[in-house]
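What follows is one structure encoded as structure tokens, with my remarks underneath.
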Amino acid sequence: MRAAACLCVVWSIAVLSGVSAPAAPAQPRTPALAAASAPAAASARVIQIQTADHMKYIPAAISAAPGESVTIVLTHTGKMPKLAMGHNFVLLKKASEAKGIAEKCASARDTEFIAESVKPQLLAYTKLIGPGETAQVTFTAPAQRGDYLFICTCPGHFAMGMKGTLTVK
């Protein structure tokens, strides 16, 4: 995990200081991640979330009614390479511990930073996207009212504050 997080910081510093960074290698897609980016269901309400070369979601606060079908469309408008500044949307179940999930996912590069061991703690997730890419996921909002955290599991991003809240009300 530390090597991946260091790589993220090194690439960020290089890009911000004007040094060219090599193109990021292509990330393989797994069937589970491909399914997570399937087209939106016809009856789902669409929520657009934007990311760029910063550690935040815009908007970082979204809401849904209990049991509502929701499609998150995540769009990356940044310029930095996907390996350094790729983002995803990972919605956690209510009792999940975000820091532990982010740490386990940091070493799951082959599955776009979604560790198999954490999937039972997730409500929904997208693939990792880079500049100019879009991903989407459709899910049913939990029946239990309250706040549900969503995070980016690219190494170091959650630790740097990349998170948001889905409020079910």
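Of the numbered conditions (1) in contact with a strand residue (DSSP E or B) (Cβ under 7 Å, 6 or more places away or on another chain); (2) in contact (Cβ under 8 Å) with a residue 60 or more places away in the chain; (3) over 19 Å from P66 (Cβ atoms), D110 satisfies every one except a single condition; which is it?
That leaves (1) as the condition not met.
Quick check on the range 45-76: of everything there that is over 16 Å from the mean Cα position of the chain (by Cα) and surrounded by fewer than 17 Cβ atoms within 10 Å (Cβ to Cβ), which residue is nearest to R145 (Cα to Cα)?
P66
What's the number of the only condition in (1) more than 17 Å from K163 (Cα to Cα); (2) basic (K, R); (3) surrounded by 17 or more Cβ atoms within 10 Å (Cβ to Cβ) that K79 fails to meet?
Unmet condition: (3).
For E103, work out the one condition from (1) in a loop (DSSP other than H, G, I, E, B); (2) modelled with pLDDT of 95 or more it doesn't fulfil.
(1)
Quick check on this structure: which one of S20, S12, S43 is part of a helix (DSSP H, G or I), of a type in the set (S, T, Y) and at pLDDT below 95? Let's see the steps before the verdict.
Details: S20 fails: part of a helix (DSSP H, G or I); S43 fails: part of a helix (DSSP H, G or I).
Sole residue among the options that is part of a helix (DSSP H, G or I), of a type in the set (S, T, Y) and at pLDDT below 95: S12.
Given the structure, is I114 crowded, with 18+ Cβ neighbours inside 10 Å, aliphatic (A, V, I, L, M) and touching a helix residue (DSSP H, G or I) at 6+ places or on another chain (Cβ under 7 Å)?
Values: crowded, with 18+ Cβ neighbours inside 10 Å: yes; aliphatic (A, V, I, L, M): yes; touching a helix residue (DSSP H, G or I) at 6+ places or on another chain (Cβ under 7 Å): yes.
Judged against the criteria, I114 is a match.
Suppose we filter T134, T111, T165 for residues that are modelled with pLDDT of 95 or more and in contact with an Asp or Glu (Cβ under 8 Å, 6 or more places away or on another chain); which single one remains? Break it down into steps so the answer makes sense when it comes.
Working: T134 fails: in contact with an Asp or Glu (Cβ under 8 Å, 6 or more places away or on another chain); T111 fails: in contact with an Asp or Glu (Cβ under 8 Å, 6 or more places away or on another chain).
Selected residue: T165, the only one of T134, T111, T165 that is modelled with pLDDT of 95 or more and in contact with an Asp or Glu (Cβ under 8 Å, 6 or more places away or on another chain).
The values are calculated or read from the model by the stated rules, or taken from the named source; none is laboratory data. Treat the numbers as computed from the prediction; the structure is a model and nothing was measured. Note that each Cβ is placed from the backbone with ideal geometry, even for glycine, and that neighbours are counted across all protein chains shown.
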